[in-house]
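The block underneath contains the structure these notes are about, expressed in structure tokens.
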Amino acid sequence: MRVNFTVNGSKETVDDVWEGESLLYMLRERMGLPGSKNACEQGECGSCTVYLDGVPACSCLVAAGQVEGREVRTVEGLATGSTGSDQELDPVQEAFVEAGAVQCGFCTPGLIVQSHDLINRVPDPSDAEIREALAGNLCRCTGYEKILDAVRLAASRKAAAAK
């Protein structure tokens, strides 16, 4: 089947999509967007989280055919500017790097998308709100404290920029 959708602001067409193919597989293997990670394939770990029509979704649980005519935004799509050296990271992406919240990197894309969504909905989230928003994202490396630091840092920078 053919799937027509928008990914990271660009209209795309993907041919020969098979019936059981996931959005995650299509993004990574067919479109060269490896940001979303393939870990559990059951929607339990959050490493494959993308925006689907502006709402975070586990791309491993979405059939590729379900995105026909819809909009997908991946962790790569959070950065602005053209690809390569002209690209500017989103403040959430920058905060994760600066706070040392990136270790093995497997959970990071999903955590960044989920944190980005949280800060857009709740500009000054409490620690409890951060923990609740990230509850579906599993990390084995960081112990979560640096991830919380990154979300706090991103939120404070966004608040300062809004003033």
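The values are calculated or read from the model by the stated rules, or taken from the named source; none is laboratory data. The model shown is predicted, which means the values in this text are computed figures rather than measured ones. A quick note on method: Cβ atoms are made from the backbone with ideal geometry, for glycine too, and the neighbour counts reach across all protein chains shown. Side chains included, ligands, DNA and RNA excluded: accessible areas come from the protein's heavy atoms. Shrake-Rupley method; radii C 1.70, N 1.55, O 1.52, S 1.80 Å.
With a point put 7 Å past each Cα toward its Cβ, work out how far Glu98 is from Glu44 in nm, to one decimal.
3.6 nm
Would you calculate a helix-derived [θ] at 222 nm for the chain, using -39,500 (n - 2.57) for each DSSP H run of n ≥ 4 and dividing by the full residue count, to the nearest 500? Intermediate values should be presented prior to the final figure.
Details: 4 runs with 47 residues, N = 163.
After summing the helix terms and dividing by residue count, I get -9000 deg cm²/dmol.
Straight-line reach from Lys11: which aspartates and glutamates have Cα under 17 Å away, leaving out those fewer than 8 places along the same chain?
Within the straight-line limit of under 17 Å, Lys11 reaches these aspartates and glutamates: Asp53, Glu68, Glu71, Glu76.
Quick one: accessible area per residue over the range 3-77, 1.4 Å probe, rounded to a whole number of Å²?
Working: 3580 Å² over 75 residues.
Each residue of the range 3-77 exposes 48 Å² on average to a 1.4 Å probe.
Rounded to the nearest percent, how much of the accessible area of the range 3-77 (1.4 Å probe, protein heavy atoms only) is carbon and sulfur? Walk me through the intermediate numbers first.
Details: 1530 of 3580 Å².
For the range 3-77, the apolar C and S fraction of the accessible surface comes to 43 percent.
Which loop trypsin sites (Lys or Arg not before Pro) in the range 1-107, with loop taken from DSSP, have no more than 12 other Cβ atoms within 10 angstrom of their Cβ?
Those that pass, being in a loop and sparsely packed, are Arg2.
Among (i) 67; (ii) 58; (iii) 62, find the value of percent of Cα pairs over 18 Å apart that was calculated from the structure presented, and write down its label.
Entry (ii).
Provide the gained length on full extension for the span Glu12 to Ala79, in nm with one decimal, where the gain is 0.36 nm per separating residue minus the Cα-Cα distance.
Contour length minus Cα-Cα distance gives 22.3 nm.
Pairing the Cα long axis of helix 108-121 with the longest principal axis of the chain, what angle in degrees results, from 0 to 90 and rounded to the nearest 10?
70 degrees
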